[in-house]
Amino acid sequence: MHLILLGAPGSGKGTQAELLAKRLGYTHLATGDLFREAVRGGSELGRLAQSYMERGALVPDEVTIGLVRERLERANPTAQIVFDGYPRKWVQARALDELLASRGEKIDAVILLNVSTPILVERLSGRWVCRAQGHNYHLAFHPPRVAGVCDVDGAELYQRDDDRPEVVQRRIAVFLREIVPLIAYYGAQGVLHEIDGAQEIEAVHRQILSVGGIPKAGSPPRPA
Ligand code: AP5
Ligand code: MG
């Protein structure tokens, strides 16, 4: 079973994908995390990605689709994947369907997390992220046990450059533009589920499990 989490910056895609990975063994594939890893590594891809990310713009499709193709080729063939931050555009969605079809697979559920702009801004301004693996925290809504330190791996927490207010506004505007054709695309396939992403984290998780038809127990999917 493969899932997509759609939603604006700060809607909780990363938070919910982490829960699905931790509790149900899903492989978390987040293009934003892959780009940030490339930026830290100082590769050519990282320099290119940074020039778009720092402005809140989207990295070009051919680069992003190539990165996802390469990541899927490395994934365990039995892995069940939660896509976070990909696809973001209709052309990326179509490319993903083609990539999965070539493996005899498909997207089973697409979850759209609906959250209003004032809440998004509040969440992003209080977000702190684990430098090692991208685990997400919030000063008020999901604080780490020790300030500035990741609960999971003890790494330092930092604030993302693109969480500056002017870049957040740009990212939200890009999201609002691109989400319309994605809703039409997945709506026509009958796999789209919209849920209220403004609920507390555990309530959103429970709703994803119920609308996505995801088994809560039993045989968890094998990780990549
Ligand atoms: P990416 O890293 O994907 O950023 P994003 O989509 O803007 O989303 P965020 O990671 O900011 O938010 P989130 O929905 O994951 O929320 P989170 O769970 O952290 O992409 C970054 C950039 O990379 C893009 O701008 C682009 O340049 C490039 N890129 C990536 N993918 C691309 C693609 N496919 N094509 C082209 N370019 C691409 O939660 C936010 C905060 O809220 C946290 O502090 C969290 O603790 C808190 N929180 C979460 N849920 C709740 C809740 N229910 N209640 C209260 N607080 C909550
Ligand atoms: Mg994220």
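The values are calculated or read from the model by the stated rules, or taken from the named source; none is laboratory data. Everything numeric in this text was worked out from a predicted model, so none of it was measured. When we count neighbours, we look across all protein chains shown, and the Cβ atoms used for this are built from the backbone with ideal geometry, even at glycine. All accessible areas refer to the heavy atoms of the entire protein, side chains included, with ligands and DNA or RNA removed. Shrake-Rupley method; radii C 1.70, N 1.55, O 1.52, S 1.80 Å.
A few points about this structure:
- Matching entry among 26, 86 (being open to solvent by less than 50 Å² (accessible area, probe 1.4 Å), under 14 Å from the mean Cα position of the chain (by Cα) and away from ligand 2 (no atom under 13 Å from the Cβ)): 26
- Residue 39 being open to solvent by less than 30 Å² (accessible area, probe 1.4 Å), part of a helix (DSSP H, G or I) and within 12 Å of ligand 1 (Cβ to nearest atom): no
- With respect to (1) at pLDDT below 95; (2) within 16 Å of ligand 2 (Cβ to nearest atom), the lone exception for residue 220 is condition (2).
- Test result for residue 98, away from ligand 2 (no atom under 16 Å from the Cβ) and open to solvent by 50 Å² or more (accessible area, probe 1.4 Å): yes
- Taking the criterion of being aliphatic (A, V, I, L, M) and in a helix (DSSP H, G or I), the residues of the range 1-36 that qualify are 17, 19, 20, 21, 24, 34.
- Among (1) within 16 Å of ligand 2 (Cβ to nearest atom); (2) over 22 Å from residue 52 (Cβ atoms) - the single one residue 140 does not satisfy: (1)
- Residues that are exposed (fewer than 13 other Cβ atoms within 10 Å of the Cβ) and either near ligand 1 (Cβ under 9 Å from one of its atoms) or under 12 Å from residue 15 (Cβ atoms) (or both), drawn from the range 185-202: 200, 202
- Some residue of the range 108-118 being open to solvent by 70 Å² or more (accessible area, probe 1.4 Å) and among the charged types (D, E, K, R): no
Every residue, every condition in (1) surrounded by 13 or more Cβ atoms within 10 Å (Cβ to Cβ); (2) touching a residue at least 12 places away in the same chain (Cβ under 8 Å), yes or no:
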{"site": "120", "(1), (2)": "yes, yes"}
{"site": "130", "(1), (2)": "yes, yes"}
{"site": "153", "(1), (2)": "no, yes"}
{"site": "165", "(1), (2)": "no, yes"}
{"site": "180", "(1), (2)": "no, no"}
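- First in the range 85-96 and in contact (Cβ under 8 Å) with a residue 24 or more places away in the chain, second anywhere and within 14 Å of ligand 2 (Cβ to nearest atom) and part of a helix (DSSP H, G or I), Cβ under 6 Å, 6 or more apart: 85/31; 85/32; 86/31
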